[in-house]
Amino acid sequence: MATLRRLREVPRHLLVCEKSNFGHDKSRHRHLVETHYHNYRVSFLIPECGILSKELKNLVMETGPYYFVKNLPLHELITHEFINTFVKKGSCYALTYHTNIDEDNTVALLPNGKLILSLDKDTYEETGLQGRPSQYSGRKIMKFSAEESRMMSYFSSYGIQERQPRVALSTASELQCPVLRSGELGGAPGAACSAPELLDWLGAVFSNAQLNNEPNNFVSTYCCPQPSTVVAKAYLCTITGFIVPEKIRLLLEQLCRYFDEPKLAPWVTLSVQGFADSPVSWRENEHGFRKGGEHLYNFVIFNNQDYWLQMAVGANDDCPP
Amino acid sequence: TSRFRRAKQEPNVNIPGVSRAQGVASAGELRALAESCKERDSGRRQVDAALPLDILTYEEKTLSAILRICSSGLVKLWSSLTLLGSYKGKKCAFRVIQVSPFLLALSGNSRELVLD
């Protein structure tokens, strides 16, 4: 009976919402962006915008490259030469490709020089290494990112390939957007929407869901949270690949500067999703995959430099920092 | 700075439907199909089997959809769709690709990144 009950349960998940201002000394935005290492998808939405500025466009096009190396023996990552050439310079990130964190052995290299090995029981015993059990239950293909074009020549014997992140740009017309107040994270009845409602709405927009269904609609009852306004156009951008935190930080700073000149938009959003199969979420917090491997964060940047930050994780995750 | 924490209760299920025949022609058909699954598998009357279900998106080209259901209905919906073998007399199969309480997480799937 207990097993049946457990199987019927929906795994827990957490959404942490906080608000602050970019000008505050103690604002954690930079630290949280920089310690979320393995990012798969970055997207931003700018209401009342039809064309991207040159600065933003350049940043979007320069989020890569990243490198893909096949059949790399792990011992190559702990040679003195590799450590001196790449790891000691900082900003070297790596993650095994096509390994599921809940099924396969997975390896990740963090920019602080730590190599994280998430191993199944047999492999762990074979290595004879000292480790600790996962909190929640080779010859490998790896994807790398490093601030170093020497990557290509260093791994030339392993068939290294350079890849560029994929960029998708689009505009949405007559988009219903929730009304928000930067000081009201939980919303205000009749006056402003809450942070979780905003996050849901953002998901609906990027999934191309209908936002204006009637409550008695047979197919879907989802609609934009109220109160809302309709904007004539909104700019959407999505970048997918292996994206380093430094590039995301630059994007965040540029989006903050969006409001240096008066703009119609009251806010813009920047969302980042981590790799479902990364062994860590923020810093060295263990990340796992139960029914899903989500670990994502979303900034809402207001025109007065206030911001909301939402961090979401799934069941096999520590609480976000 | 202030923050609050909330454990959300509404998982969204990303479900592609693969049909070798005509395929599900519209979101409305998919909705009706999902309802009939639940009725059939719950073994109860129509009224008891009802759970609020939304088809948030349906893409005919890829035969994939995003469904939304309350957390208490997740297991029932997932198992019903998994066990569905035919629709209107034609063989079909459903495969659940992603499940998440956060709709934003369903707009991208890192397991679908193809490098080789």
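Which of the residues that make up region A:112-130 are among the charged types (D, E, K, R) and within 18 Å of A:His287 (Cβ to Cβ)?
In the first step, residues of region A:112-130 are kept if they are among the charged types (D, E, K, R); the result is A:114, A:120-122, A:125-126.
Once the filter is applied, which keeps residues that are among the charged types (D, E, K, R) and within 18 Å of A:His287 (Cβ to Cβ), region A:112-130 yields A:Lys114, A:Asp120.
State all residues of region A:99-125 that are crowded, with 16+ Cβ neighbours inside 10 Å and within 18 Å of the chain's Cα centre (by Cα); if no residue qualifies, say none. Please lay out each step first, then the result.
As a first pass, look at region A:99-125 and keep what is crowded, with 16+ Cβ neighbours inside 10 Å: A:99, A:101-102, A:104-111, A:116-119, A:124.
Scanning region A:99-125 gives A:Ile101, A:Ala108, A:Leu109, A:Leu110, A:Pro111.
If you check B:Val96, B:Val75, which single one turns out to be assigned to a loop (DSSP other than H, G, I, E, B), open to solvent by 20 Å² or more (accessible area, probe 1.4 Å) and under 18 Å from A:Gly292 (Cα atoms)?
Working: B:Val75 fails: assigned to a loop (DSSP other than H, G, I, E, B).
Result of the check over B:Val96, B:Val75: B:Val96.
So A:Glu81 fits all but one of (1) of a type outside the set (S, T, N, Q); (2) assigned to a helix (DSSP H, G or I); (3) surrounded by 17 or more Cβ atoms within 10 Å (Cβ to Cβ); what number is the exception?
All conditions pass for A:Glu81, except number (3).
So which of A:Thr96, A:Thr35 ends up being touching a Lys or Arg at 6+ places or on another chain (Cβ under 7 Å), open to solvent by less than 10 Å² (accessible area, probe 1.4 Å) and hydroxyl-bearing (Ser, Thr, Tyr)? Break it down into steps so the answer makes sense when it comes.
On the way: A:Thr35 fails: open to solvent by less than 10 Å² (accessible area, probe 1.4 Å).
Exactly one residue qualifies, and that residue is A:Thr96.
Under 6 Å between Cβ atoms, which residue pairs at least 6 apart in sequence (or on different chains) link something in region A:9-24 that is more than 7 Å from every other protein chain (Cβ to nearest Cβ) with a partner that is assigned to a loop (DSSP other than H, G, I, E, B)?
A:Pro11/A:Arg290; A:Pro11/A:Lys291; A:Pro11/A:Ala315; A:Asn21/A:Gln305; A:Phe22/A:Gln305; A:Gly23/A:Gln305
Starting from residues that are facing another protein chain (nearest Cβ under 7 Å) and more than 18 Å from A:Ser173 (Cα to Cα), keep the ones in region A:198-216 and report whichever is least open to solvent (accessible area, probe 1.4 Å). Working first, answer last.
First pass over region A:198-216, keeping only residues facing another protein chain (nearest Cβ under 7 Å): A:199-200, A:202-204, A:206-209.
Next, from what is left, pick out any that are more than 18 Å from A:Ser173 (Cα to Cα): A:199-200.
Details: A:Leu199: 6, A:Asp200: 37 Å².
That would be A:Leu199.
Do any residues in region A:38-63 that are aromatic (Phe, Trp, Tyr) have Cβ atoms under 7 Å from those of residues that are open to solvent by 40 Å² or more (accessible area, probe 1.4 Å) and in a loop (DSSP other than H, G, I, E, B), where the two are at least six apart or on different chains, and which pairs are they?
Within 7 Å, no pair qualifies.
Among the residues of region A:217-240, is any out of contact with any Leu (no Cβ under 9 Å at 6 or more places or on another chain), within 11 Å of chain B (Cβ to nearest Cβ) and either open to solvent by less than 20 Å² (accessible area, probe 1.4 Å) or hydroxyl-bearing (Ser, Thr, Tyr) (or both)?
Just the residues of region A:217-240 that are out of contact with any Leu (no Cβ under 9 Å at 6 or more places or on another chain), to begin with: A:217-218, A:221, A:226-227, A:229.
Okay, now just the ones that are also within 11 Å of chain B (Cβ to nearest Cβ), so A:217-218, A:221.
From what is left, the residues that are either open to solvent by less than 20 Å² (accessible area, probe 1.4 Å) or hydroxyl-bearing (Ser, Thr, Tyr) (or both) are A:221.
Scanning region A:217-240, I find at least one residue that is out of contact with any Leu (no Cβ under 9 Å at 6 or more places or on another chain), within 11 Å of chain B (Cβ to nearest Cβ) and either open to solvent by less than 20 Å² (accessible area, probe 1.4 Å) or hydroxyl-bearing (Ser, Thr, Tyr) (or both), so the answer is yes.
Which of the residues that make up region A:79-115 are of a type in the set (A, V, I, L, M) and either more than 20 Å from A:Ser278 (Cβ to Cβ) or within 12 Å of chain B (Cβ to nearest Cβ) (or both)?
Here is the first cut: in region A:79-115, the residues of a type in the set (A, V, I, L, M) are A:83, A:87, A:94-95, A:101, A:107-110, A:115.
Hits for region A:79-115 are A:Ile83, A:Leu95, A:Ile101.
Given (1) open to solvent by less than 30 Å² (accessible area, probe 1.4 Å); (2) modelled with pLDDT of 75 or more; (3) away from every other protein chain (no Cβ under 11 Å), where does B:Leu103 come up short, assuming only one miss?
(3)
Do any residues in region A:158-173 that are open to solvent by less than 80 Å² (accessible area, probe 1.4 Å) have Cβ atoms under 6 Å from those of residues that are in a helix (DSSP H, G or I), where the two are at least six apart or on different chains, and which pairs are they?
If the second residue must be in a helix (DSSP H, G or I), the pairs left are A:Ile160/A:Met152; A:Val167/A:Val60.
The values are calculated or read from the model by the stated rules, or taken from the named source; none is laboratory data. Every value quoted in this text rests on a predicted model; they were computed, and no experiment measured them. Ideal geometry is used to build each Cβ from the backbone, glycine not excepted, and the neighbour counts take in all protein chains shown. Note: areas computed on protein heavy atoms with side chains; ligands, DNA, RNA excluded. Shrake-Rupley method; radii C 1.70, N 1.55, O 1.52, S 1.80 Å.
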